[in-house]
Structure formats: C-alpha cells, structure tokens
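S.K.: Before we start, here is the structure in question, set down as structure tokens.
The values are calculated or read from the model by the stated rules, or taken from the named source; none is laboratory data. Treat the numbers as computed from the prediction; the structure is a model and nothing was measured. Cβ placement follows ideal geometry from the backbone for every residue including glycine, while neighbour counts extend to all protein chains displayed.
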Amino acid sequence: MRPFRRTDAPVIARLANDAEIAKMTASLRYPYPAYDAVRFLRWALKDAGRSDGAFLVTLKSNPRIAVGTAGVHLTRSGPGIGYWMGAKFRRRGYAREAAAAVTRYGFEGLGCAEIEISCRTVNAASRRIIKRLGGGRPKLRPGWSRFYRRKLPTLFYMLTRAQWDHASKRRGAAWVR
C-alpha cells in the first residue's frame, strides 16, 4: 500500500468502475466516471497534513500494479475504515491484508481507541474479514447506498484496541500486523 498520488485517478476509475463494488459500498456509483476519481483524489489529498490516511493498495511483488483502495477516515462520529478491491483481485486475500493494515494504522499510527467498520449484510467476505480483525457483535442499522439510492441493511462493528490485540494474539501477529 502507498499513499495516493494525483496521477492515480485513471487507475482508480478503471478499478472502481464495477457494479459489484458500488453495491457493497456507501458512496461509489456505477458506472464510475473518471471525474469521480479526480474528485475523490482531491478530497483524499486536500488534507494530506491531517492524521488520517487513504491508500492505494498495490501488489507487494509489483508495487506498480494497483488492486484497490483502503483507508482510515476520521469523521465527527469517530474513525472508520473502508476498503474495496478491483474485480480481478478479489478472493486472493488482498482485502484482508489491506483491512488489517489500515486497522493497525488506525490503532498504532493514529492512536484510535476504537474504529468502526461496516458492511452490507449480504457481504459474507467482509463479515469474515471483520471477524478475523476482532469484530464482535455488530449492530444492524440502515446504511446508505449511492448505487441503490436508498438505505440498506448494514452491519456496523465497533472494534476496540483490546479486541484488535486479542485477535492479533489469537490469529497470529503476522496476519493482522
């Protein structure tokens, strides 16, 4: 993973132009136009001095190949993480690694006491990732979907540093660290 650059708009637009990503996220739409990627990067880079981070997820074996995005977002309601992977890169463990990395960054780099992670009720892959991160009982609430233009059943998990530390020990530090 690496911080975003202004030149990342074309690759983000290509990867995000996927109905399956839009269905599972709150704010992405489909089709995903190139100007949305430019707008997103303006937002992500405008506060580069702030202590939160959004990252382009790249292959460890070839950092020039982007596979998705992940980030810790500091909002008025508290910190949260989000991630998505391009279609060709799903079911390969990249989302799991990215979610673990940004969660670690939130707890260790930013000093967060707790981090919110949410996913659609139908997103079994994200539910498994969140559970491995230490997520306990979720709260079922409506969550916005730009794709569907309405609220959908969404699971909201509040992950504490203690839960994260316990998951690190239980699953092995290499997986979550």
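S.K.: Which ones in the stretch 116-167 are surrounded by fewer than 20 Cβ atoms within 10 Å (Cβ to Cβ), among the aliphatic types (A, V, I, L, M) and in a strand (DSSP E or B)?
M.R.: If the condition is that a residue be surrounded by fewer than 20 Cβ atoms within 10 Å (Cβ to Cβ), among the aliphatic types (A, V, I, L, M) and in a strand (DSSP E or B), then LEU140, LEU152, MET158 are the ones that fit.
S.K.: Can you work out which of the residues in the stretch 63-88 that are hydroxyl-bearing (Ser, Thr, Tyr) and in contact with a helix residue (DSSP H, G or I) (Cβ under 8 Å, 6 or more places away or on another chain) is surrounded by the fewest Cβ atoms within 10 Å (Cβ to Cβ)?
M.R.: First, pick out the residues of the stretch 63-88 that are hydroxyl-bearing (Ser, Thr, Tyr): 69, 75, 77, 83.
Adding the requirement that they be in contact with a helix residue (DSSP H, G or I) (Cβ under 8 Å, 6 or more places away or on another chain) leaves 69, 83.
On the way: THR69: 27, TYR83: 24.
In this case the residue turns out to be TYR83.
S.K.: ALA99 fails exactly one of the following numbered conditions: (1) out of contact with any Leu (no Cβ under 8 Å at 6 or more places or on another chain); (2) modelled with pLDDT of 95 or more; (3) part of a helix (DSSP H, G or I). What is the number of that condition?
M.R.: (1)
S.K.: Still on this structure, please answer the following. Inside the stretch 4-91, counting only strands (runs of 3 or more DSSP E) that do not spill past its ends, which hold 2 or more residues that are over 21 Å from ILE130 (Cβ atoms) and either in contact with a strand residue (DSSP E or B) (Cβ under 7 Å, 6 or more places away or on another chain) or in contact (Cβ under 8 Å) with a residue 12 or more places away in the chain (or both)?
M.R.: 53-58
S.K.: Could you please let me know if TYR30 is in contact with a helix residue (DSSP H, G or I) (Cβ under 8 Å, 6 or more places away or on another chain), within 23 Å of LYS151 (Cα to Cα), of a type in the set (Phe, Trp, Tyr) and surrounded by fewer than 20 Cβ atoms within 10 Å (Cβ to Cβ)?
M.R.: Working: in contact with a helix residue (DSSP H, G or I) (Cβ under 8 Å, 6 or more places away or on another chain): yes; within 23 Å of LYS151 (Cα to Cα): yes; of a type in the set (Phe, Trp, Tyr): yes; surrounded by fewer than 20 Cβ atoms within 10 Å (Cβ to Cβ): yes.
So TYR30 passes the test.
S.K.: Which numbered condition trips up LYS23, out of (1) of a type outside the set (Ser, Thr, Tyr); (2) modelled with pLDDT of 95 or more; (3) within 13 Å of the chain's Cα centre (by Cα)?
M.R.: (3)
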